[in-house]
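Shown next, in structure tokens, is the structure this report addresses.
The values are calculated or read from the model by the stated rules, or taken from the named source; none is laboratory data. Everything numeric in this text was worked out from a predicted model, so none of it was measured. With ideal geometry, Cβ positions are generated from the backbone for all residues, glycine too; neighbour counts draw on all protein chains shown. SASA here: full protein model, heavy atoms, side chains in, ligands and nucleic acids out. Shrake-Rupley method; radii C 1.70, N 1.55, O 1.52, S 1.80 Å.
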Amino acid sequence: MRGPYGRFTEASLPVSELGAFRLPCRCGLWRLPEVGQTCIIRSMAKPVLISPSILSADFLHLQDALAQAEAAGADWVHIDVMDGHFVPNLTMGPFIVEACRRATRLPLDVHLMIENPDRLLPAFVDAGADYLTVHVEACPHLPRTLQSIRDGSVRAGVSLNPGTPASVLTEILPMVDLVLVMSVNPGYSGQGFMSSVLPKIGQIRQALDHLGAQARLQVDGGISPKTAPAAVRAGADVLVAASAIFGHPQGIAAGLEALRRSVA
């Protein structure tokens, strides 16, 4: 149901749906849920934010595309950084982030799909990133990487590929400002949404709510007016969309409006 400050959700969920997550005790420590336990989850859902991904934007007119997105009510700008190693595609780097910083006042949501991201963190911080998200699969010393991001006064995010279970977040969830669930195999825009990740989104939402965390839960990959409602029902509160916005036949504003209406 909906309250004065957003959607209020309450769910009664068996432990089997919590996956391998441990639950926080009142003492602040973590414990495993007991078999057969039912967990009551209550949360005041945050407003859903939309972060258009410039991966599908016209780079010949990138400044204009960003201006249109901002004018149409986009909340963030999503920048997909790929190195040709961690993912097959090769895209943009700090120079593009710096150009976007000059072109828009919106928060820059930078997704690092790269190997050894630690070596480039200072460059992206200096370029003006507001969020820096790294992949759990690419960071053998993830807590140190997240702390390095925060030391640069930037919000720290962590991302999971479709095949990575939610349970890998158990130890680091209190350290993040953003969790990004990939709903496609990363590398290219225009792929179809993988509905198999919906239970994982739900598991992470449950864990965040149990922790009382303010971290945002983002979904990226195949997001459109047809798939966005399922992602939001599962617990997402930030939607990344590329072709559904920048490739909309009626233009960027129409793409944003269609996406927002679908989750209103």
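Worth pointing out:
- Within the range 236-247, the set of residues being of a type outside the set (Gly, Ala, Ser) and within 17 Å of Phe59 (Cβ to Cβ) comprises Ile245, Phe246.
- Single residue of the range 241-255 satisfying the filter (within 11 Å of Leu55 (Cα to Cα) and of a type outside the set (Phe, Trp, Tyr)) that is surrounded by the fewest Cβ atoms within 10 Å (Cβ to Cβ): Gly247
- Candidates Gln191, Gln203: the one that is open to solvent by 20 Å² or more (accessible area, probe 1.4 Å), out of contact with any Asp or Glu (no Cβ under 8 Å at 6 or more places or on another chain) and closer than 23 Å to Glu137 by Cα is Gln191.
- A single member of Leu160, Leu146 is under 13 Å from the mean Cα position of the chain (by Cα) and not polar (S, T, N, Q), and it is Leu160.
- Any pair with Cβ under 8 angstrom, 6 or more apart, that starts in the range 126-150 at a residue that is farther than 15 Å from Leu173 by Cα and ends at one that is of a type in the set (Asp, Glu) and in a loop (DSSP other than H, G, I, E, B): Tyr131/Asp177; Ala138/Glu115
- For the residues Asp80, Asp64, the requirement of being closer than 28 Å to Val263 by Cβ and not in a strand (DSSP E or B) singles out Asp64.
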